[in-house]
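A.B. asks: Pasting a structure below so you can have a look.
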Amino acid sequence: MVENNSEVPVVAIDGPSGAGKGAVSARVARELGWHLLDSGAVYRAVALAALAADVNPEDQAGLVGLCDRLPLSFRPGDDGIEVYLDQQPVGSRLRSEQVSAMASRVAALPAVRKALLELQRSFRQSPGLVADGRDMGTVVFPDATAKVFLHASVEERANRRYKQLKGKGENVTFSRLFQDLEARDRRDRERAVSPTIAAADAKVIDSTDLGLDQVVAQVLSVVEYRLQDT
């Protein structure tokens, strides 16, 4: 990683779980030829490491120690952002419901968020960065060139997740996913540190009734306008 360069443009794409940020961010990064950051995967990697090391999700000191050993990289894939750890793909391991639930708890801890802040900012490299998360435009990159807040109804997000997990052969129910998303939304929205809210200068896009191509087109339009305005 290189040191942060505030002159490098950043597109911050925030929103709740299941809104389609990963797929949109990957497509936008590919179109622009920019780097990628999946901040959710950073927290999921900590969660995965915590589960493997049997670290309690309330053990902030233990979790901060795990944050120092995260050799992560991201690449745009066909269905979203592909995550690599030590140059090995780990996306499927990071997307399990167990890791998702742990990541949501880990992400609510102030000490963990602080430990991972500079790691995330270090991905800001030329020619530009597309950052996917929940506080990219409000906390991590408040000076982002373009900010988007992507959301969709809980029903639609739960349905997308249900189809995705069923396609992978996982034993899940729609009602459980719906309840989990509602609880996760509440935790993310109400946490004291870095809550999931739209930045004041973000373009809000509701993807409930939109296809991927439509959302990507809207985001690229925002980016083009902002780049011309700088």
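The values are calculated or read from the model by the stated rules, or taken from the named source; none is laboratory data. What you see is a predicted model; the values in this text were computed from it and never measured. Positions of Cβ are backbone-derived with ideal geometry, glycine not excepted, and every protein chain shown enters the neighbour counts.
A.B. asks: List the pairs whose first member sits in segment 219-230 and is within 16 Å of Ala131 (Cβ to Cβ), whose second member is among the polar types (S, T, N, Q) and not in a helix (DSSP H, G or I), and whose Cβ atoms are under 9 Å apart, counting only residues at least 6 apart or on separate chains?
C.D. replies: Every condition considered, the pairs that remain are Val223/Thr145; Arg226/Thr145; Leu227/Thr145.
A.B. asks: Among the residues of segment 104-118, write down those that are farther than 19 Å from Tyr162 by Cβ and either touching a His at 6+ places or on another chain (Cβ under 9 Å) or in a helix (DSSP H, G or I) (or both). Let's see the steps before the verdict.
C.D. replies: So in segment 104-118, the residues farther than 19 Å from Tyr162 by Cβ come out as 105-118.
Answer for segment 104-118, where residues must be farther than 19 Å from Tyr162 by Cβ and either touching a His at 6+ places or on another chain (Cβ under 9 Å) or in a helix (DSSP H, G or I) (or both): Arg105, Val106, Pro110, Ala111, Val112, Arg113, Lys114, Ala115, Leu116, Leu117, Glu118.
A.B. asks: Something else: Going by the conditions given, is Ala52 modelled with pLDDT of 85 or more, of a type in the set (Gly, Ala, Ser) and farther than 17 Å from Phe141 by Cβ?
C.D. replies: Numbers: modelled with pLDDT of 85 or more: no; of a type in the set (Gly, Ala, Ser): yes; farther than 17 Å from Phe141 by Cβ: yes.
No, not satisfied.
A.B. asks: I want to confirm something. Restricting to segment 162-182 and keeping residues that are among the hydrophobic types (A, V, I, L, M, F, W, C) and at pLDDT 90 or above, which single residue is farthest from Ala101 (Cα to Cα)?
C.D. replies: Keep residues of segment 162-182 that are among the hydrophobic types (A, V, I, L, M, F, W, C), which gives 165, 172, 174, 177-178, 181.
Within this subset, residues satisfying the condition of being at pLDDT 90 or above are 174, 177-178, 181.
Working: Phe174: 16, Leu177: 11, Phe178: 13, Leu181: 10 Å.
It comes out as Phe174.
A.B. asks: Looking only at residues in segment 1-30 that are part of a strand (DSSP E or B) and of a type outside the set (Val, Ile, Thr), which one is farthest from the chain's Cα centre (by Cα)?
C.D. replies: Residues of segment 1-30 that are part of a strand (DSSP E or B), as a first pass: 10-14.
Narrowing further to those that are of a type outside the set (Val, Ile, Thr): 12, 14.
On the way: Ala12: 10, Asp14: 7 Å.
It comes out as Ala12.
A.B. asks: What is the one condition in (1) in contact (Cβ under 8 Å) with a residue 60 or more places away in the chain; (2) more than 29 Å from Glu170 (Cα to Cα); (3) in contact with a helix residue (DSSP H, G or I) (Cβ under 6 Å, 6 or more places away or on another chain) that Leu119 does not satisfy?
C.D. replies: Every condition holds for Leu119 apart from (3).
A.B. asks: Out of all the residues in segment 39-66, which are assigned to a helix (DSSP H, G or I), farther than 21 Å from Glu82 by Cα and polar (S, T, N, Q)?
C.D. replies: Within segment 39-66, Gln60 is the sole residue that qualifies.
A.B. asks: Checking Gly33 against (1) more than 15 Å from the chain's Cα centre (by Cα); (2) under 24 Å from Gly18 (Cβ atoms); (3) surrounded by fewer than 21 Cβ atoms within 10 Å (Cβ to Cβ), which test does it fail?
C.D. replies: So Gly33 meets the others, but not (2).
A.B. asks: Further, regarding this structure: Out of the residues in segment 139-152 that are of a type outside the set (A, V, I, L, M) and modelled with pLDDT of 95 or more, which is nearest to the chain's Cα centre (by Cα)? Write out each step before concluding.
C.D. replies: At the first step, the residues of segment 139-152 found to be of a type outside the set (A, V, I, L, M) are 141-143, 145, 147, 149, 151.
Pick out the ones that are also modelled with pLDDT of 95 or more and you get 141-143, 145, 147, 149.
Numbers: Phe141: 13, Pro142: 16, Asp143: 18, Thr145: 18, Lys147: 14, Phe149: 12 Å.
Across segment 139-152, the extreme among qualifying residues is Phe149.
A.B. asks: Could you count how many residues in segment 162-187 are in contact with an Asp or Glu (Cβ under 9 Å, 6 or more places away or on another chain), of a type outside the set (A, V, I, L, M) and in contact (Cβ under 8 Å) with a residue 60 or more places away in the chain?
C.D. replies: The total comes to 2.
A.B. asks: Given the structure, is Pro110 of a type outside the set (A, V, I, L, M) and either buried (at least 24 other Cβ atoms within 10 Å of the Cβ) or free of Cβ contacts under 8 Å to residues at least 60 places away in the same chain (or both)?
C.D. replies: Numbers: of a type outside the set (A, V, I, L, M): yes; either buried (at least 24 other Cβ atoms within 10 Å of the Cβ) or free of Cβ contacts under 8 Å to residues at least 60 places away in the same chain (or both): no.
Criteria not met by Pro110.
A.B. asks: Taking segment 189-207, which residues are surrounded by 13 or more Cβ atoms within 10 Å (Cβ to Cβ) and closer than 18 Å to Glu155 by Cβ?
C.D. replies: Ile205, Asp206, Ser207
A.B. asks: Of the conditions (1) in contact (Cβ under 8 Å) with a residue 60 or more places away in the chain; (2) within 14 Å of the chain's Cα centre (by Cα), Arg44 clears all except one; give me its number.
C.D. replies: It is condition (1) that Arg44 fails.
Quick grid of which residues meet (1) under 17 Å from the mean Cα position of the chain (by Cα); (2) on the phi < 0 side of the Ramachandran plot; (3) modelled with pLDDT under 90:
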{"position": "Leu66", "(1), (2), (3)": "no, yes, yes"}
{"position": "Leu70", "(1), (2), (3)": "yes, yes, yes"}
{"position": "Arg75", "(1), (2), (3)": "yes, yes, yes"}
{"position": "Asp79", "(1), (2), (3)": "yes, yes, yes"}
{"position": "Asp86", "(1), (2), (3)": "no, no, yes"}
{"position": "Glu97", "(1), (2), (3)": "yes, yes, yes"}
{"position": "Arg105", "(1), (2), (3)": "yes, yes, yes"}
{"position": "Leu129", "(1), (2), (3)": "yes, yes, no"}
